[in-house]
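To keep things clear, I will list the structure first and then write my remarks on it.
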Amino acid sequence: MKKFMSLLLALLLVMSLGAPAFAEDDKDASFNKIYKLENADTTSPAETFTFNFSKGQVTDAAEGTVAPAIPDATVSFAAGEAVTNAGLTKPVTVALSDITWPSVGIYTYDVKEVPGSTPGVTYSNDTLKMKVTVAYDDQTQTYYTAFVTMSLVDADGDGQTDVKTGAFENTYSAGSLAVTKTVTGNMGDRDKYFAINVTLTGEDGKTYPNQYTVSGGSKLIDGTAEGTTTSISVNGKSHTFYLKHDETFTIKNLPYGVTYTVAEADYTTEGYEEAEIIFPDQNKKIDTASETVTITNNKQATVDTGIVLDSLPYVLLLVLSIGGAVLFLLKRRSSRES
């Protein structure tokens, strides 16, 4: 019974984290890599994940046997391949077929993912324990990979190897930043374009694309606001956009961790109050699927005419009516006297 349970546990470990190589004619092993999207309506960048194998313990081998080096393993995903929910799974091949084993035995390796520099991608901190059982073939008189198992190391320190269903998992997290404009007040110009300065700053050690897509908004051409600004860089430099009342521009697919500032040019000299800029939170960092900054410009004035303009037509009608009545009475009086 104990032997049966040991075999069953080994099978579960293998199934949970990869397909092992079992036979002499199939010496390569593999484990799974899952690439996921945190939010819909975002696009994952192309990414190559790399794994290295550090030599560990050798048992049941000839005295003085040293574990041979295993080359790094990689798996690549094209831009846009990551998906939400379960993600996209690909096998990572461990090249064991070209390794010359020095002896029979059990060779143990720690498998770890090499952290990359792609912004928005979380890299796995898991360590897998890979055990390669090497046997001797009497016919070919060579050592060969007979069996491979993979499992998580003793993460909780209870002296037992932990079992985890799944594989190395990475998630691409990105969101959008929208800036929207509202003009209020009886003297606020709804057709006026306001200059808005946006600065995006990336995290240290990350490599960002040259540009990110922007939709909506306007740009100045020969002093007139028209057209659409289509891109912005994460370079810590200010980029100017133009909005009028009820317009919005949106920067898409910004990786989590990007910080932003939004400021507006000074329009107080034109009679507007200082712009009210409302941020979704105080940290001004992309960390949700969608963040919106609202900017409100108000210009209010008292119309000093002595007459409420909305009632002017009625006043004119009253004056004309009175004038008509006076003329009618004068004409009637004149006709009597004659």
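The values are calculated or read from the model by the stated rules, or taken from the named source; none is laboratory data. A quick note: this is a predicted structure, and the numbers were derived from the prediction, not measured. So basically every Cβ, Gly included, is an ideal-geometry build from the backbone, and we count neighbours across all protein chains shown. The area values use the complete protein model at the heavy-atom level, side chains included, leaving out ligands, DNA and RNA. Shrake-Rupley method; radii C 1.70, N 1.55, O 1.52, S 1.80 Å.
When you check SER321 against the structure, is it at pLDDT below 95 and open to solvent by less than 50 Å² (accessible area, probe 1.4 Å), yes or no? It is false that SER321 is at pLDDT below 95 and open to solvent by less than 50 Å² (accessible area, probe 1.4 Å). Scanning segment 100-136 for residues that are among the polar types (S, T, N, Q), under 19 Å from VAL75 (Cα atoms), at pLDDT below 95 and touching a strand residue (DSSP E or B) at 6+ places or on another chain (Cβ under 7 Å) yields a count of 2. Could you please let me know if ILE286 is open to solvent by less than 80 Å² (accessible area, probe 1.4 Å), under 11 Å from ALA174 (Cα atoms) and of a type in the set (A, V, I, L, M, F, W, C)? Judged against the criteria, ILE286 is a match. Can you tell me which residue within segment 250-283, out of those that are more than 14 Å from VAL183 (Cβ to Cβ) and hydroxyl-bearing (Ser, Thr, Tyr), is most open to solvent (accessible area, probe 1.4 Å)? In this case the residue turns out to be THR269.
Of all residues in segment 173-201, those that are open to solvent by less than 10 Å² (accessible area, probe 1.4 Å) have Cβ atoms under 7 Å from Cβ atoms of residues that are part of a strand (DSSP E or B) and among the acidic types (Asp, Glu), 6 or more apart or on another chain, in GLY175/GLU291; LEU177/GLU291; PHE194/GLU264; ILE196/GLU264. Scanning segment 51-79 for residues that are of a type outside the set (Asp, Glu), in contact (Cβ under 8 Å) with a residue 12 or more places away in the chain and open to solvent by 40 Å² or more (accessible area, probe 1.4 Å) yields a count of 15.
Residues in segment 139-185 that are of a type in the set (Val, Ile, Thr) and either in contact with a Gly (Cβ under 6 Å, 6 or more places away or on another chain) or within 30 Å of PRO115 (Cβ to Cβ) (or both) were compared, and the one that is modelled with the lowest pLDDT is THR165. Can we say ASP110 is surrounded by fewer than 18 Cβ atoms within 10 Å (Cβ to Cβ), acidic (Asp, Glu) and closer than 18 Å to ASP28 by Cβ? Against the criterion (surrounded by fewer than 18 Cβ atoms within 10 Å (Cβ to Cβ), acidic (Asp, Glu) and closer than 18 Å to ASP28 by Cβ), ASP110 does not qualify.
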